[in-house]
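K.L.:
The following block contains the structure, expressed as structure tokens.
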Amino acid sequence: MIAFEPILPVVVIDDADAAESLGRALVAGGIRQAEITLRTPAALEALRRMGAVPGLRVGAGTVLDADQAEAAIDAGASFIVSPGLADAVIAVCARRGVSAVPGVVTATEVMRARALGLRTLKFFPAEASGGRAAVAALSTVFPEIRFVPTGGIDAARAGEYLTLPSVVAVGGSWMVPRAALSARDFAAIESLCRQAVQAVEAVEAAP
Ligand code: 3PG
């Protein structure tokens, strides 16, 4: 399993020509990883281009089936995130030596993922599924599981999740608003990334 940094931007990109500048804005804002969701026709090409940005590790998100997992890994994804758990996606990741991070909400889903040998899981959709309290409750019975809560989280809430030792990263799209990306407002994106990193550093520095 790869070691996640605490903030995982979730990117929905409509134009691959914006990918390189976006990647540079993320890095300039202190971010070193990004999840490119396979929800747009531009996603795989964007993944390829962002993967070439120095200092940035890219993975794919919204990976729903084996073909998408193969294509994302071919495009350079070093981790594969899914909204739920698909055995075929897990199998592709295992065969190709890439980390799989499937989404879970319930204890039963955690147990299924655990039985497949997975230890880092996305908790999705986080805010709609009980939020920080739900992650804390799951962590008491699954102390070996690490969570990446995602869905409905903003900078302020990110810090709250990250006070849980079981939370290795918080995912979200708030650093990369689709409108800012469409408008090529990379300064705004860089600034949002910097604010997110500072919010996390403040939590980590708290006694
Ligand atoms: C995801 O793909 O993981 C979520 O759509 C991200 O959720 P958010 O847009 O609420 O941050």
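The values are calculated or read from the model by the stated rules, or taken from the named source; none is laboratory data. Treat the numbers as computed from the prediction; the structure is a model and nothing was measured. Methodologically, a virtual Cβ is constructed for each residue, glycine included, from the backbone with ideal geometry; neighbour enumeration extends over all protein chains shown. With ligands, DNA and RNA removed, areas are computed over all heavy atoms of the protein, side chains included. Shrake-Rupley method; radii C 1.70, N 1.55, O 1.52, S 1.80 Å.
K.L.:
Quick check on this structure: which one of A69, A115, A88 is over 26 Å from A19 (Cα atoms), in contact with a helix residue (DSSP H, G or I) (Cβ under 8 Å, 6 or more places away or on another chain) and hydrophobic (A, V, I, L, M, F, W, C)? Don't jump to the end; show me each part of the working.
P.N.:
Numbers: A69 fails: over 26 Å from A19 (Cα atoms); A115 fails: in contact with a helix residue (DSSP H, G or I) (Cβ under 8 Å, 6 or more places away or on another chain).
From the options A69, A115, A88, the qualifying one is A88.
K.L.:
Could you list, in sequence order, the residues of segment 79-108 that are in a helix (DSSP H, G or I) and either open to solvent by 40 Å² or more (accessible area, probe 1.4 Å) or of a type in the set (S, T, N, Q) (or both)?
P.N.:
D87, A88, A91, A94, R95, R96, A107, T108
K.L.:
Before we move on, is A43 farther than 30 Å from V203 by Cα and within 13 Å of the ligand (Cβ to nearest atom)?
P.N.:
Working: farther than 30 Å from V203 by Cα: yes; within 13 Å of the ligand (Cβ to nearest atom): yes.
In short, yes.
K.L.:
Something else about it: Give segment 92-109 a look and list any residue that's touching a residue at least 24 places away in the same chain (Cβ under 8 Å), over 17 Å from I2 (Cα atoms) and either touching a strand residue (DSSP E or B) at 6+ places or on another chain (Cβ under 9 Å) or acidic (D, E) (or both), or say none.
P.N.:
The answer is V105, E109.
K.L.:
Given S82, S78, which one is farther than 24 Å from S182 by Cα, at pLDDT 95 or above and within 16 Å of the ligand (Cβ to nearest atom)?
P.N.:
On inspection, the qualifying residue turns out to be S82.
K.L.:
Take segment 47-74 and flag every residue that is of a type in the set (A, V, I, L, M), farther than 23 Å from F124 by Cα and in contact with an Asp or Glu (Cβ under 8 Å, 6 or more places away or on another chain).
P.N.:
M50, A52, V53 - these are the residues of segment 47-74 that are of a type in the set (A, V, I, L, M), farther than 23 Å from F124 by Cα and in contact with an Asp or Glu (Cβ under 8 Å, 6 or more places away or on another chain).
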